[in-house]
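Written below as structure tokens is the structure these notes are about.
The values are calculated or read from the model by the stated rules, or taken from the named source; none is laboratory data. Everything quoted here is computed from the prediction, not taken from an experiment. Please note: Cβ atoms are built from the backbone with ideal geometry, for glycine as well, and neighbour counts cover all protein chains shown. Quick note on the areas: whole protein, heavy atoms, side chains included, nothing else; ligands and nucleic acids left out. Shrake-Rupley method; radii C 1.70, N 1.55, O 1.52, S 1.80 Å.
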Amino acid sequence: MIIVLKPQSTKQMVDNFVDSLQKNYDVKVNEWVGTQSTVLGLIGDTSAIDIDYISAQDIVESVKRVQEPYKKANRKFHPDDTVITLPGGQKIGDGSLSLIAGPCSVESERQIVEIAKSVKDSGAQFLRGGAFKPRTSPYAFQGLKAEGLELLREARKVTGLPIVTEIMRVSHIPLFEDVDIIQVGARNMQNFELLKELGRLDKPILLKRGLSSTIEELLMSAEYIMAGGNEKVILCERGIRTYETYTRNTLDISAVPILKKLSHLPVIVDPSHASGISWLVEPLALAAVAAGADGLIIEVHNDPQHALSDGAQSLTPEQFDQVAKHVNAAAKAFGRKVG
Ligand code: PEP
Ligand code: MN
């Protein structure tokens with residue numbers, strides 16, 4: 001349930017009203033204070049609440065029931081866009097276009113440092129790289145694990161780029177303590193125990209859409225993280241499984257404006273996993289900019305032919321430089337800038 005309060009309500013009036021709601025009903029009240037009005041989001045069992053009674057209160061402008069099962073992720077609860085600010089000052093969701101780039105997997109110190117330097121030179125603001133890899137085959141490269149995290153820290157030290165890397169299990173959370181943005185991969189989008197634990201952190205979580213998940217399921221997974229108190233969630237459209245086999249997945253470009261409409265959370269696009277083919281990365285990246293994405297996450301490798309994972313979809317640093325230039329030009333055409 002959403003209660004919009006009258007603009008002239010004082011803080012004291014709002015506090016008293018919130019207290020009375022929490023005392024009288026089995027609900028938690030989320031308060032969003034905007035420039036024009038204050039919006040209260042009621043989470044819990046609102047069935048006992050009489051809308052007419054609430055509407056009649058002096059302080060209340062309007063009341064509506066929220067049909068959607070996601071509440072904290074819902075734009076109705078939080079009309080403004082959420083802007084995620086990292087300790088280093090980098091922002092995601094502030095209207096600029098964030099560029100995250102790097103290899104699928106961290107393979108060696110030389111590899112990750114070289115790629116980090118080159119993507120930084122091309123304008124990326126974040127370095128990605130997998131240390132714990134979810135692979136379809138148990139015989140495929142599984143990542144350098146803790147050593148991979150160490151190499152990412154090294155690349156961060158050299159370049160200053162914050163790092164984005166994937167977590168696969170709850171017991172690894174302490175290892176990720178100084179990771180700047182923790183990625184939850186498509187395969188773990190509904191690992192609810194992991195989502196709950198990540199909800200207890202005060203750290204941005206990049207939540208990728210599951211291979212066969214609906215938009216609402218993605219938002220419900222975001223809700224799991226947010227319900228625990230961590231509201232720093234970045235949604236990522238990375239393609240879904242369809243009957244098309246030409247591409248690895250099918251980029252659901254309409255998910256971008258739909259997610260932006262339904263939720264206040266930043267939305268980024270991964271054109272690499274969406275296509276599985278390096279030459280398709282640029283057109284899909286440009287489409288994502290046009291669709292209003294807040295950022296892009298792109299795989300870049302210094303030697304794609306010998307990459308230990310996802311070489312076919314990885315751009316060379318030179319190709320990434322070109323893509324970044326074209327993305328910049330596209331962003332500019334829409335009155336936005338990269339970074
Ligand atoms: C990845 O980012 O390397 C990855 C495994 O992505 P996804 O979970 O989207 O498949
Ligand atoms: Mn990959």
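So, in the stretch 162-220, of the ones that are of a type in the set (Lys, Arg) and touching a Cys at 6+ places or on another chain (Cβ under 7 Å), which residue ends up farthest from ligand 1 (Cβ to nearest atom)?
Initially, the stretch 162-220 is screened for residues of a type in the set (Lys, Arg), giving 169, 187, 196, 200, 203, 208-209.
Add one more test, that the residue is touching a Cys at 6+ places or on another chain (Cβ under 7 Å), and what stays is 208-209.
Details: LYS208: 4, ARG209: 8 Å.
Looking at the filtered set, the residue picked out is ARG209.
Identify all residues within the stretch 312-321 that are under 16 Å from ILE115 (Cβ atoms) and open to solvent by 10 Å² or more (accessible area, probe 1.4 Å); write none if there are none. Quick ask: steps written out before the conclusion?
Narrowing the stretch 312-321 to residues under 16 Å from ILE115 (Cβ atoms): 313-321.
Answer for the stretch 312-321, where residues must be under 16 Å from ILE115 (Cβ atoms) and open to solvent by 10 Å² or more (accessible area, probe 1.4 Å): THR316, PRO317, GLU318, GLN319, ASP321.
Let me confirm something: among VAL323, VAL338, which residue is more than 16 Å from ligand 2 (Cβ to nearest atom) and modelled with pLDDT under 95? First the steps, then the outcome.
On the way: VAL323 fails: modelled with pLDDT under 95.
Just one listed residue meets the conditions, VAL338.
Any idea which residue in the stretch 287-311 is nearest to ILE115 (Cα to Cα), counting only those that are more than 19 Å from the chain's Cα centre (by Cα) and away from ligand 1 (no atom under 13 Å from the Cβ)? Before the answer, list the steps.
Start the filter on the stretch 287-311 by keeping residues that are more than 19 Å from the chain's Cα centre (by Cα), which leaves 300-311.
Imposing the further condition that a residue be away from ligand 1 (no atom under 13 Å from the Cβ) reduces the set to 302-306.
Details: ASN302: 6, ASP303: 10, PRO304: 11, GLN305: 15, HIS306: 14 Å.
Restricting to residues being more than 19 Å from the chain's Cα centre (by Cα) and away from ligand 1 (no atom under 13 Å from the Cβ), the top hit is ASN302.
Being touching a residue at least 60 places away in the same chain (Cβ under 8 Å), surrounded by 23 or more Cβ atoms within 10 Å (Cβ to Cβ) and more than 16 Å from ligand 2 (Cβ to nearest atom) is the filter here, so list the residues in the stretch 94-121 that pass it. Break it down stepwise before answering.
Step one: filter the stretch 94-121 for residues touching a residue at least 60 places away in the same chain (Cβ under 8 Å), giving 95-105, 107, 111, 114-115, 118-119, 121.
If we keep only those that are surrounded by 23 or more Cβ atoms within 10 Å (Cβ to Cβ) as well, we get 97-105, 107, 115, 119.
Those that are touching a residue at least 60 places away in the same chain (Cβ under 8 Å), surrounded by 23 or more Cβ atoms within 10 Å (Cβ to Cβ) and more than 16 Å from ligand 2 (Cβ to nearest atom): LEU97, SER98, LEU99.
Please count how many residues of the stretch 158-178 are open to solvent by 10 Å² or more (accessible area, probe 1.4 Å) and within 16 Å of ligand 2 (Cβ to nearest atom).
Summing the residues that are open to solvent by 10 Å² or more (accessible area, probe 1.4 Å) and within 16 Å of ligand 2 (Cβ to nearest atom) in the stretch 158-178 gives 2.
For the stretch 60-93, enumerate the residues that are at positive phi and open to solvent by 30 Å² or more (accessible area, probe 1.4 Å).
Pass one, the stretch 60-93, residues at positive phi: 89, 93.
Passing the criteria: only GLY89.
Go through the stretch 134-147 residue by residue and tally those that are crowded, with 21+ Cβ neighbours inside 10 Å and either part of a helix (DSSP H, G or I) or out of contact with any helix residue (DSSP H, G or I) (no Cβ under 9 Å at 6 or more places or on another chain) (or both). Quick ask: steps written out before the conclusion?
Quick first cut of the stretch 134-147, residues crowded, with 21+ Cβ neighbours inside 10 Å only: 143-144.
Now drop any that are not either part of a helix (DSSP H, G or I) or out of contact with any helix residue (DSSP H, G or I) (no Cβ under 9 Å at 6 or more places or on another chain) (or both), which leaves 143.
Within the stretch 134-147, residues that are crowded, with 21+ Cβ neighbours inside 10 Å and either part of a helix (DSSP H, G or I) or out of contact with any helix residue (DSSP H, G or I) (no Cβ under 9 Å at 6 or more places or on another chain) (or both) number 1.
Of these, GLN12, GLN57, GLN8, which one is outside the structural domain of LYS232 (by TED's automatic domain parsing), open to solvent by less than 60 Å² (accessible area, probe 1.4 Å) and over 32 Å from the mean Cα position of the chain (by Cα)? Outline the logic, then answer.
Numbers: GLN12 fails: open to solvent by less than 60 Å² (accessible area, probe 1.4 Å); GLN8 fails: open to solvent by less than 60 Å² (accessible area, probe 1.4 Å).
Just one listed residue meets the conditions, GLN57.
Test each condition in (1) surrounded by fewer than 20 Cβ atoms within 10 Å (Cβ to Cβ); (2) within 16 Å of ligand 2 (Cβ to nearest atom) for ILE297 and report the one that comes out false.
If we test ILE297 against (1) surrounded by fewer than 20 Cβ atoms within 10 Å (Cβ to Cβ); (2) within 16 Å of ligand 2 (Cβ to nearest atom), just (1) comes out false.
Restricted to the stretch 179-204, and to residues that are buried (at least 18 other Cβ atoms within 10 Å of the Cβ) and acidic (Asp, Glu), which residue is nearest to ILE225 (Cα to Cα)?
Only one residue tops the list, namely GLU197.
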